[in-house]
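**Student:** Next up is a structure, given as C-alpha cells.
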Amino acid sequence: MPKELAVIPCAQSTGTGSQIEARVAERLGPHRFNTWFKNATAFAVVGNHLKVSVPNHFLGDWIERNFCELIRESAKDALGVDFEVTFATDANLARGLAKKQPDRQLESITNQTDRVPRKKGKGPHSPSAQLALRGRLDQFVVGLSNRLAFAAATNVVEKPGEAYSPLFVHGGCGLGKTHLLQGICNGISERHPRLRWRYVSGEEFTNDFIYAVKAREEDAFRERYRQVDVLVLDDVHFLANKRATREEFLHTLKAIDGRNKQIVLASDAPPKMIGHLPETLVSRFLAGMVVRVDSPDLEVRVNVLRRRAEKLMVSIPETVTQYIAEHFRANIRELDGALLKVVAQADLAGQPVTLPLAERAIKDLIRQTAPVVMLSDIENIVSIYFGLTPADLHTSRKSRTIALAREIAMYLARRHTDMSFPEIGRYMGNKNHSTVILASRRVSQKLQANQTVSWLTSGGQKSGNLAEIIQEIEEQFGAGRSLAGAA
C-alpha cells in the first residue's frame, strides 16, 4: 500500500500560504511581486506539494518558467520543507484580477532584461551553462493525442541532426510540449554526453539577445547559440513581433542547420498561424517535421492521474480516477489541480479518498471547466494568430490589429463557452458587457456579408476573409464545427 504523506494542512486555512507569499515578495521586491503575484496567485500546501493557483495559462506559463525555482526556495525558507511546485488555473482568480494588471505584466515581459544573472564564459561547452530539466521521455504518458510527437522526439534523441530537423511541436497550453522538449534534452545528455545542447524559451532567448546588444557581447551570444549540437527553443511564437530578435534567430537557425545539427521548436500554434512571423522563418519550420499535440484522450488522462497519485504516494480508487478523467478533458494541468484538491480535502477531513468525497471536492472546479473550449484557449490562439499576447486584448488600446483580435475573441467566447456577456467583459480586462455585445454583433454582420478584414503586422498590412480566419482559429482550439456560417 502506498506510503502515507506527512501532511501540512491546506495553506488557505493555516496561513502557510501567506508565509510563502511573504517570502516570495521579500525575494522579488515590491515592484516585481506586485506585477506578477499580487491578486493573481494563491498558494496551497498539499503534502510535499506546493500548489500555485493562477488565473490563466498565459500567466501561469510565464511564472512557471521564470519563478518556479524562486517559489520552491521561498517555500523551503518559510516552512523548512522541500516542496515540489505544481501550477493550476483558477477561474476565481481570473475574475479578481485588477484591470491594469495585464498591462503591467505585458510591460514586464517585453522590457525585463535583468531576470537571469549573466556570467562571462558560460558558453555551450560549460556544464553549468544549463540547469537540470525536470521532463523525461520515460515519464511521458503516450496516447493517440500525442503518439506522433513522442515518436518524433524519441527519434531525435536516437539520431540528433539526422532524424527531423527542425522538429516543430505545436498544441495548446498544458498538453506536454515542454515535457517533450525537456525530455529530448535529458535523453541527449544521457545517450550522447559529448553533444552540446541548449534549452531556452522564446522569452529567454529575447532577453539574452537584448542583454548582449546592450552589453556589446553579441559575439559571446552567437557563440552560445550557434555552436551547439542541439538547440531547443520553447514558445517560439514569442519572437514573432520582435523584428531584431527574429532576424538574429533566423541567422542562428541558418548557422545550426548549415552544420547539420539539430533544432527543436515548440509553439502554441503551427507556423502558418503565428502572426508577424516572416515567410523566411515559416518556410524553414515547414521544411522539417511539424507535429501537433492534441488534448489528452481518456486513456492518457487516466494514466496521468495514476502516475500523479504514485508520485504523491496516496491511494486513489479507480472510480475516482475515472471520475476526474471524465470531467477534466482540456489539458494535464487541470487534471493536476483537480487531483490535488481531492487529496487536500481528504487530508483535511482525515478520511480516505472516496468517490463521494471527490465529487464534493471538485464540483466547483467542474462547473468552472465544464466547456471543452475555454476562454483562455481562445484568447491564446487569437493572440498568436495576430502576433499579440493575451494581455494586449485586455488593454484599453484600440489599434486596428488589437481591436480586430479582441472582437474575434469575444465573438468566439460567446459561441464556444457558457460565459455571459458580463463575464467575458470582466475576464478580458474589465470591459463593459455592452462592449462584448457590440463586438459579437460586428463580427456576425461581417460574416454574413462575407467581408475581408485587414490588420497590421511588422511586415506590413495583411488581409483575409473573416470566415476563413475564424475557421482556422477554431481548428486550433479543437472546435468541432466551424461557426462562421452559423452567424
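The values are calculated or read from the model by the stated rules, or taken from the named source; none is laboratory data. In this text the structure is predicted, and so the values were computed from the model without any measurement. All Cβ positions, even for glycine, are placed from backbone atoms using ideal geometry, and neighbour counts span all protein chains on display.
**Student:** Could you list, in sequence order, the residues of the range 132-189 that are in contact with a strand residue (DSSP E or B) (Cβ under 6 Å, 6 or more places away or on another chain), under 20 Å from residue 229 (Cβ atoms) and surrounded by fewer than 19 Cβ atoms within 10 Å (Cβ to Cβ)?
**Tutor:** 161
**Student:** Inspect the range 370-378 for any residue being over 27 Å from residue 468 (Cα atoms) and either surrounded by fewer than 21 Cβ atoms within 10 Å (Cβ to Cβ) or not hydrophobic (A, V, I, L, M, F, W, C) (or both) and give the result as yes or no.
**Tutor:** Initial filter on the range 370-378 (over 27 Å from residue 468 (Cα atoms)): 370.
From what is left, the residues that are either surrounded by fewer than 21 Cβ atoms within 10 Å (Cβ to Cβ) or not hydrophobic (A, V, I, L, M, F, W, C) (or both) are 370.
Yes, that holds for at least one residue.
**Student:** Let me ask another. Just one of (1) touching a Phe, Trp or Tyr at 6+ places or on another chain (Cβ under 8 Å); (2) crowded, with 22+ Cβ neighbours inside 10 Å trips up residue 268, so point out which.
**Tutor:** It is condition (1) that residue 268 fails.
**Student:** Shifting gears a bit: For the range 323-331, does any single residue satisfy the condition of being assigned by TED's automatic domain parsing to the domain that holds residue 141, out of contact with any strand residue (DSSP E or B) (no Cβ under 7 Å at 6 or more places or on another chain), surrounded by 21 or more Cβ atoms within 10 Å (Cβ to Cβ) and touching a residue at least 40 places away in the same chain (Cβ under 8 Å)?
**Tutor:** Step one: list which residues in the range 323-331 are assigned by TED's automatic domain parsing to the domain that holds residue 141, which gives none.
Checked against the condition, which is being assigned by TED's automatic domain parsing to the domain that holds residue 141, out of contact with any strand residue (DSSP E or B) (no Cβ under 7 Å at 6 or more places or on another chain), surrounded by 21 or more Cβ atoms within 10 Å (Cβ to Cβ) and touching a residue at least 40 places away in the same chain (Cβ under 8 Å), the range 323-331 yields no hits at all.
**Student:** Is at least one residue of the range 131-142 farther than 23 Å from residue 476 by Cα, assigned to a loop (DSSP other than H, G, I, E, B) and in contact with a Ser or Thr (Cβ under 8 Å, 6 or more places away or on another chain)?
**Tutor:** The answer is yes, given that some residue of the range 131-142 is farther than 23 Å from residue 476 by Cα, assigned to a loop (DSSP other than H, G, I, E, B) and in contact with a Ser or Thr (Cβ under 8 Å, 6 or more places away or on another chain).
**Student:** What number of residues within the range 25-58 are in a loop (DSSP other than H, G, I, E, B) and of a type in the set (Asp, Glu)? Please lay out each step first, then the result.
**Tutor:** Of the residues in the range 25-58, the ones in a loop (DSSP other than H, G, I, E, B) are 29, 37-41, 47-48, 55-56.
When the remaining residues are screened for being of a type in the set (Asp, Glu), the result is none.
Looking only at that region, the number is 0.
**Student:** How about the range 355-463: which helices (runs of 4 or more DSSP H) wholly inside it have at least 1 residues that are touching a Phe, Trp or Tyr at 6+ places or on another chain (Cβ under 9 Å) and among the acidic types (Asp, Glu)?
**Tutor:** Details: elements: 355-369, 375-385, 390-394, 400-416, 421-427, 433-448.
The helices (runs of 4 or more DSSP H) meeting that bar are 355-369, 375-385, 390-394.
**Student:** Exactly one condition in (1) closer than 20 Å to residue 455 by Cα; (2) surrounded by 22 or more Cβ atoms within 10 Å (Cβ to Cβ) is not met by residue 285; state its number.
**Tutor:** That leaves (1) as the condition not met.
**Student:** Could you tell me whether the range 290-300 includes any residue that is farther than 30 Å from residue 326 by Cβ and touching a residue at least 12 places away in the same chain (Cβ under 8 Å)?
**Tutor:** To start, the set of residues in the range 290-300 that are farther than 30 Å from residue 326 by Cβ comprises 290.
From what is left, the residues that are touching a residue at least 12 places away in the same chain (Cβ under 8 Å) are 290.
Checked against the condition, which is being farther than 30 Å from residue 326 by Cβ and touching a residue at least 12 places away in the same chain (Cβ under 8 Å), the range 290-300 yields at least one hit.
**Student:** Another question, then. Could you list, in sequence order, the residues of the range 173-214 that are among the aliphatic types (A, V, I, L, M) and either touching a Leu at 6+ places or on another chain (Cβ under 9 Å) or free of Cβ contacts under 8 Å to residues at least 60 places away in the same chain (or both)?
**Tutor:** Matches in the range 173-214: 180, 181, 184, 188, 195, 200, 212, 213.
**Student:** If you scan the range 290-307, which residues turn out to be basic (Lys, Arg), surrounded by fewer than 23 Cβ atoms within 10 Å (Cβ to Cβ) and in a helix (DSSP H, G or I)?
**Tutor:** Step one: list which residues in the range 290-307 are basic (Lys, Arg), which gives 292, 301, 306-307.
From the residues that got through so far, the ones that are surrounded by fewer than 23 Cβ atoms within 10 Å (Cβ to Cβ) too are 292, 306-307.
306, 307 - these are the residues of the range 290-307 that are basic (Lys, Arg), surrounded by fewer than 23 Cβ atoms within 10 Å (Cβ to Cβ) and in a helix (DSSP H, G or I).
**Student:** Would you mind telling me which numbered condition in (1) in a loop (DSSP other than H, G, I, E, B); (2) buried (at least 22 other Cβ atoms within 10 Å of the Cβ); (3) more than 21 Å from the chain's Cα centre (by Cα) residue 260 fails?
**Tutor:** If we test residue 260 against (1) in a loop (DSSP other than H, G, I, E, B); (2) buried (at least 22 other Cβ atoms within 10 Å of the Cβ); (3) more than 21 Å from the chain's Cα centre (by Cα), just (2) comes out false.
**Student:** Just need a number here: residues in the range 50-77 that are more than 23 Å from residue 201 (Cα to Cα) and surrounded by fewer than 21 Cβ atoms within 10 Å (Cβ to Cβ).
**Tutor:** Total meeting the criteria: 2.
**Student:** crowded, with 23+ Cβ neighbours inside 10 Å and modelled with pLDDT under 90: is that true of residue 366 in this structure?
**Tutor:** Working: crowded, with 23+ Cβ neighbours inside 10 Å: no; modelled with pLDDT under 90: yes.
Criteria not met by residue 366.
**Student:** Among the listed residues 41, 89, which satisfies the condition of being modelled with pLDDT under 75 and either closer than 21 Å to residue 376 by Cα or small (Gly, Ala, Ser) (or both)? Don't jump to the end; show me each part of the working.
**Tutor:** Values: 41 fails: modelled with pLDDT under 75.
Within the list 41, 89, the selection yields 89.
**Student:** Further question on the same structure: Only one residue in 240, 266 is within 19 Å of residue 208 (Cα to Cα), touching a His at 6+ places or on another chain (Cβ under 6 Å) and in contact (Cβ under 8 Å) with a residue 60 or more places away in the chain, so which one is that?
**Tutor:** Exactly one residue qualifies, and that residue is 240.
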